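Undergrad: First the structure, which I've put down as structure tokens, then a few questions once you've had a look.
The values are calculated or read from the model by the stated rules, or taken from the named source; none is laboratory data. Since this is a predicted model, take the numbers as computed values, not measurements. With ideal geometry, Cβ positions are generated from the backbone for all residues, glycine too; neighbour counts draw on all protein chains shown. SASA here: full protein model, heavy atoms, side chains in, ligands and nucleic acids out. Shrake-Rupley method; radii C 1.70, N 1.55, O 1.52, S 1.80 Å.
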Number of protein chains: 2
Amino acid sequence: MITLAEENYLKAILSISLNEGGKVSTNAIANEIGTSAASVSDMLKKLQEKKLIKYKKYKGVELSESGQNKAINILRKHRLWETFLVNKLGFNWSEVHDVAEQLEHIQSAELIDRLDIFLEHPKFDPHGEPIPTKEGEIPSTNTTPLNELQVNTKGKIMGVSLDEKDFLDYLTKLNITIGTEITLLEKISFDKSLSIKIANTKQHISNDVAKHLLIKIS
Amino acid sequence: MITLAEENYLKAILSISLNEGGKVSTNAIANEIGTSAASVSDMLKKLQEKKLIKYKKYKGVELSESGQNKAINILRKHRLWETFLVNKLGFNWSEVHDVAEQLEHIQSAELIDRLDIFLEHPKFDPHGEPIPTKEGEIPSTNTTPLNELQVNTKGKIMGVSLDEKDFLDYLTKLNITIGTEITLLEKISFDKSLSIKIANTKQHISNDVAKHLLIKIS
DNA sequence: TTATATTTTTAGAGTAGTCTAAAAATTTAT
DNA sequence: ATAAATTTTTAGACTACTCTAAAAATATAA
């Protein structure tokens, strides 16, 4: 049986490797989980023992096949629960992360199958992130972070790659949500901030915000 | 903050005192939780420390007001989740206990408020057991265990007081479910077993089964 | 009421996870 | 290529919970 702490480590390793690719460092995991590098080292030994990761001391870590399956399944559960919380219970998209972090650890394959049916097999969660299939496929989204677009490109916001309350509340304040049409007007080279147009209104956002907005060019 | 283990102890103490009344013994708790009396003794000290129980060594234990509030809230969550699983996800009433035992520990008052609304404020769970209100009231049901009825009494099954798969599956096999009309035909004094009539068919059940069937006399 | 049985508590130890401090390995910079 | 900085691991300790075995308290029965 896998423990709650182990599940959180697998999830962290998956999340980092989806963002950066390649081997994952001890410090990166410590940072993601909010613990010490020493604790991570300890845990990596246990996960290695259980064949959930491939790990050589000082050389970084990657998920084994079974570890990846488990991690993707947790991600699937997280995103299905977020969809349930927003679509069925009426939560705001900025309020669901913490509860979903608890719900994702409930152990019952039957429950998730039925939840998926109840939600009518959603492909994307309320943040536009793809929900892995039961088979472990993560549908690709064909989107580009806003900060990588060229000036004068027009597109539509398909999702956000950060699930933090402050960030999502700020987007709401900017009138940015999924489906919003957006035009990139100007890139300021000094601080990499951007001028954008939304609903015929000009706005200015930082690079930190822009890089988490996923755009489909139209 | 309250831990998962602590929640399970509070729940066990509540459950025993609802069934038997009065002080709860160390052994009864050990038995309910499936652990050793030594572990229970240890934990009682911690719960006492946190003012969740009233406890004197060797003298049994009862919940404090705050302990009782917490325990009733867990019971409320358990029964709301069971209702969700059966009414919304289509689980059978015999399949939901284990999953609800996990879900009852999710920490979010907002989640339970919204779930209650989503389910349209149910008063009873799929086993006919009353769902405590947000304020901690447990509605009384005015029912009698079948084995306490007098011979030739007619009534309707309003609920069951045991949530175990084997038991519920057996009831289903007997064509017994909530709402079923039932007549007590005969009590066998030798083994306290009962003859009953359901849908014009005579059947015979043990006292162990009968005592968990809650009847409203008609 | 004194012996016996039962229940409960204490003592000591083990596991899973966490921490800080220090040692070891690796990377970076001169 | 060696020194300095950074990263990672080890060592030792702490908390929460569990266990078995033994001691202490309580209940029961002759």
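Undergrad: Please give me the summed charge of the neighbours of B:LEU111: other residues whose Cβ is under 11 Å from its Cβ, Lys and Arg +1, Asp and Glu -1. The partial results should precede the final answer.
TA: Details: positive: B:LYS77, B:ARG114; negative: A:GLU95, A:ASP98, B:GLU110, B:ASP113, B:ASP116.
Taking every other residue near B:LEU111 into account, the sum is -3.
Undergrad: Something else: Using a ≥ b ≥ c from the Cα gyration tensor of chain A (square roots of the eigenvalues), is it rounded, prolate or oblate, where a/c under 1.5 gives rounded and otherwise the larger of a/b and b/c decides, a/b for prolate?
TA: Numbers: a/c = 2.25, a/b = 1.45, b/c = 1.55.
Because a/c hits 1.5 or more and a/b fails to exceed b/c, chain A counts as oblate.
Undergrad: Give me the extension gain from A:GLU137 to A:ASP169: residue separation times 0.36 nm, minus the current Cα-Cα distance, reported in nm with one decimal. Could you put the intermediate results ahead of the total?
TA: Working: separation 32, 0.36 × 32 = 11.52 nm, distance 3.01 nm.
Between A:GLU137 and A:ASP169, full extension yields 8.5 nm more.
Undergrad: Additional query: Where does the longest stretch of chain A lie that holds no chymotrypsin sites (Phe, Trp or Tyr not before Pro) found in a DSSP loop with 14 or fewer other Cβ atoms within 10 Å?
TA: On the way: sites that count: A:TYR58, A:PHE190.
In chain A, the maximal stretch lacking such sites is A:59-189.
Undergrad: So if I place +1 on the C-beta of Lys and Arg and -1 on the C-beta of Asp and Glu, and nothing else carries charge, what would the dipole magnitude of the stretch B:4-63 be about its Cα centre? I want it in debye, nearest 20. All intermediate terms of the calculation are to be shown ahead of the outcome.
TA: Details: 10 positive and 7 negative charges, 69 e Å.
Result for the stretch B:4-63 is approximately 340 debye, rounded to the nearest 20.
Undergrad: Ok, one more. Please give the total accessible area that chains A and B bury against each other, computed with a 1.4 Å probe and expressed in Å² to the nearest 100.
TA: Working: alone 12580 and 12570 Å², together 23510 Å².
Counting both chains, the buried surface is close to 1600 Å².
Undergrad: Then there's this: If you place +1 on the Cβ of every Lys and Arg and -1 on the Cβ of every Asp and Glu, how big does the dipole about the Cα centre of the protein assembly as shown come out, in debye to the nearest 20?
TA: On the way: 56 positive and 60 negative charges, 73 e Å.
Charge dipole of the protein assembly as shown: 360 debye, to the nearest 20.
Undergrad: For label points placed 7 Å from Cα toward Cβ, what is the shortest-first list of nm distances from A:ASP166 to its copies?
TA: Here the equivalent label points are 5.5 nm apart from this one.
Undergrad: Give the nm distances, rounded to one decimal, from B:THR201 to the matching residue in every other copy, measuring between label points 7 Å along Cα toward the beta carbon; shortest first.
TA: Those separations, rounded to one decimal, come out as 6.8 nm.
Undergrad: In addition: To make sure I understand the rule: partners must be aspartates and glutamates, Cα under 20 Å from the Cα of A:LYS192, and not fewer than 8 residues away in the same chain. Which ones qualify?
TA: A:GLU148, A:ASP208
Undergrad: Given an 8 Å cut-off on Cα distances and at least 6 residues of separation, report the relative contact order of chain B as a percent.
TA: Values: 319 pairs, mean separation 33.4, N = 218.
Relative contact order of chain B: 15 percent.
Undergrad: Which distances, shortest first and in nm, link A:ILE188 to the matching position in the other copies, using label points set 7 Å out along Cα to C-beta?
TA: So the distances to the same position in the other copies read 8.8 nm.
Undergrad: Taking 23 Å as the cut-off for C-alpha to C-alpha distance, list the pairs among B:LYS154/B:LYS187; A:LYS46/A:LYS123; A:LYS77/A:LYS216 that go past it.
TA: A:LYS46/A:LYS123; A:LYS77/A:LYS216
Undergrad: A further question follows. Let me check I have the definition right: for the protein assembly as shown, take the eigenvalues of the Cα gyration tensor, multiply each by 5, take square roots. What are those semi-axes in whole Å, largest first? Let's see the in-between values first.
TA: Details: eigenvalues 515, 142, 84 Å².
Semi-axes, largest first: 51, 27, 20 Å.
Undergrad: Moving on to the next point. With a sphere of radius 11 Å drawn around the Cβ of B:LYS54, what net charge do the other residues whose Cβ falls strictly inside it have (Lys, Arg +1; Asp, Glu -1)?
TA: Numbers: positive: B:LYS23, B:LYS51, B:LYS56, B:LYS59; negative: B:GLU62, B:GLU65.
It works out to a net charge of +2.
Undergrad: Averaged per residue, what accessible area in Å² does chain A show with a 1.4 Å probe, protein chains only?
TA: Details: 11760 Å² over 218 residues.
Accessible area per residue: 54 Å².
Undergrad: On to the next question. Per the 1.4 Å probe, what fraction of the accessible area of the protein assembly as shown, in percent, lies on carbon and sulfur atoms? Mind dumping the intermediate values first?
TA: Details: 11200 of 23510 Å².
Carbon and sulfur together cover 48 percent of it.
Undergrad: A further question on this structure: Residue farthest toward the positive end of the dipole of the stretch B:30-176, with Cβ of Lys/Arg at +1 and Asp/Glu at -1: which of B:ASN69, B:ILE112, B:SER140?
TA: Of the candidates, B:ASN69 comes out farthest on the positive side.
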